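*Asks:* Before we start, here is the structure in question, set down as structure tokens.
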Amino acid sequence: MVFYVTGVGFPLPAELAARARDIIAGRIEPVPTRDAATVVILREGPEVYLLRRKSTMAFAAGAYVFPGGSVDARDADQAVAWAGPSPAEWGETFHASEGVARALVCAAVRETFEESGVLLAGPDPGTVVGDTTGDDWEADRLALIDRSLSFADFLARRGLVLRSDLLKPWAHWITPEIESRRFDTRFFAAVLPEGQRTRDVGGEADQVAWKRPAEALQLADQGEIFLMPPTHHTLDELAVHDDVGSILAEHRKIVPIMPKAVEIEGEMRLVTT
């Protein structure tokens, strides 16, 4: 993944520039996207929870990102106990089918638990589970990661319902066509539930941190951390808010954003409008 900005854009490295020209000319086809979900976990400050992806990862190695990942086929399971806005309502918000919307919301909650230990679910539509740092929770988290346990079975076994009302739709980013790994990602925001704690849970990340959005942006500008463009853009949007309540109150119009490669004065650049 490369950086891109509005207007003149970012100059592409030679390899990506060549691939961009091949795609524009129809000599090669873009790879298809995979549905994915990302969740911005918030706490008062406001602060956001960031993970640094291991340098060995095939995608976004070394980048500080929000929790999230690809949709699993079982995320669309209708057996998932549900409370809050329905999959149909989420589909209207994200311009997706009811089935895709169900899978996206389930992936958002599942991936958040897998990557941070935060679980947006409770015994009933009005409550949320408390501390999830015990050994039994850790065993379930690992079983979800290795796919030996489905999300629906995890919730059912613990008598929990997914709380879709704890998620706020935030954005929709699509990886540029020139990339060899592409994702169709819906961004959500959610507040850290009372009584729960994030953890350094390992897996795809080697560091975790709570940062104020402006602080994370400053570190990126100084070259101390690496942010992918959607993450940078989202932090930019969050940095104008003074508290979590203001973030949750913001009206969001969800439109797909997919940067494109264009040739400007003989140079291939990646731009977003």
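The values are calculated or read from the model by the stated rules, or taken from the named source; none is laboratory data. The model shown is predicted, which means the values in this text are computed figures rather than measured ones. Ideal geometry is used to build each Cβ from the backbone, glycine not excepted, and the neighbour counts take in all protein chains shown. When the accessible area is computed, the model is the full protein with side chains, heavy atoms only, and any ligands, DNA or RNA have been set aside. Shrake-Rupley method; radii C 1.70, N 1.55, O 1.52, S 1.80 Å.
*Asks:* Could you say which residue among T231, T185 is in a helix (DSSP H, G or I) and either acidic (D, E) or at pLDDT 85 or above (or both)?
*Replies:* Numbers: T185 fails: in a helix (DSSP H, G or I).
Being in a helix (DSSP H, G or I) and either acidic (D, E) or at pLDDT 85 or above (or both) holds for just one of T231, T185, which is T231.
*Asks:* Then there is this: Which count do you get for residues in segment 144-159 that are open to solvent by less than 30 Å² (accessible area, probe 1.4 Å) and either over 23 Å from R197 (Cβ atoms) or in contact with a Leu (Cβ under 8 Å, 6 or more places away or on another chain) (or both)? Don't jump to the end; show me each part of the working.
*Replies:* Keep residues of segment 144-159 that are open to solvent by less than 30 Å² (accessible area, probe 1.4 Å), which gives 144, 149-152, 154-155.
Now narrow it down to the ones that are either over 23 Å from R197 (Cβ atoms) or in contact with a Leu (Cβ under 8 Å, 6 or more places away or on another chain) (or both): 150-152, 154-155.
Residues that pass the stated criteria total 5.
Matching residues to (1) at pLDDT 95 or above; (2) assigned to a loop (DSSP other than H, G, I, E, B); (3) within 30 Å of V191 (Cβ to Cβ); (4) open to solvent by less than 20 Å² (accessible area, probe 1.4 Å):
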{"residue": "I23", "(1), (2), (3), (4)": "no, no, no, no"}
{"residue": "R27", "(1), (2), (3), (4)": "no, yes, no, no"}
{"residue": "P30", "(1), (2), (3), (4)": "no, yes, no, no"}
{"residue": "D35", "(1), (2), (3), (4)": "yes, no, yes, no"}
{"residue": "G45", "(1), (2), (3), (4)": "no, yes, yes, no"}
{"residue": "V48", "(1), (2), (3), (4)": "yes, no, yes, yes"}
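*Asks:* Could you give every pair whose Cβ atoms fall below 6 Å, whose first residue belongs to segment 81-92 and is at positive phi and surrounded by fewer than 18 Cβ atoms within 10 Å (Cβ to Cβ), and whose second residue is in a helix (DSSP H, G or I) and at pLDDT 95 or above, counting only separations of at least 6 or pairs across chains?
*Replies:* Cβ pairs passing all conditions: G84/S164; G84/D165.
*Asks:* Would you mind finding the one in R141, R181, R197, R186 that is closer than 20 Å to L50 by Cα, surrounded by fewer than 19 Cβ atoms within 10 Å (Cβ to Cβ) and not polar (S, T, N, Q)? If you could, list the steps in order and put the result at the bottom.
*Replies:* Working: R141 fails: surrounded by fewer than 19 Cβ atoms within 10 Å (Cβ to Cβ); R181 fails: closer than 20 Å to L50 by Cα; R186 fails: surrounded by fewer than 19 Cβ atoms within 10 Å (Cβ to Cβ).
Of the residues listed, the single one that is closer than 20 Å to L50 by Cα, surrounded by fewer than 19 Cβ atoms within 10 Å (Cβ to Cβ) and not polar (S, T, N, Q) is R197.
Residue by residue, here is whether (1) open to solvent by 10 Å² or more (accessible area, probe 1.4 Å); (2) without any contact (Cβ under 8 Å) to a residue 60 or more places away in the chain; (3) aliphatic (A, V, I, L, M); (4) out of contact with any Lys or Arg (no Cβ under 8 Å at 6 or more places or on another chain) holds:
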{"site": "V105", "(1), (2), (3), (4)": "no, no, yes, yes"}
{"site": "R110", "(1), (2), (3), (4)": "no, yes, no, yes"}
{"site": "G117", "(1), (2), (3), (4)": "no, no, no, no"}
{"site": "P125", "(1), (2), (3), (4)": "yes, yes, no, no"}
{"site": "D131", "(1), (2), (3), (4)": "yes, no, no, no"}
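*Asks:* Could you tell me which numbered condition S246 fails, if it satisfies all but one of (1) more than 24 Å from V100 (Cβ to Cβ); (2) at pLDDT below 90?
*Replies:* Unmet for S246, out of (1) more than 24 Å from V100 (Cβ to Cβ); (2) at pLDDT below 90: (2).
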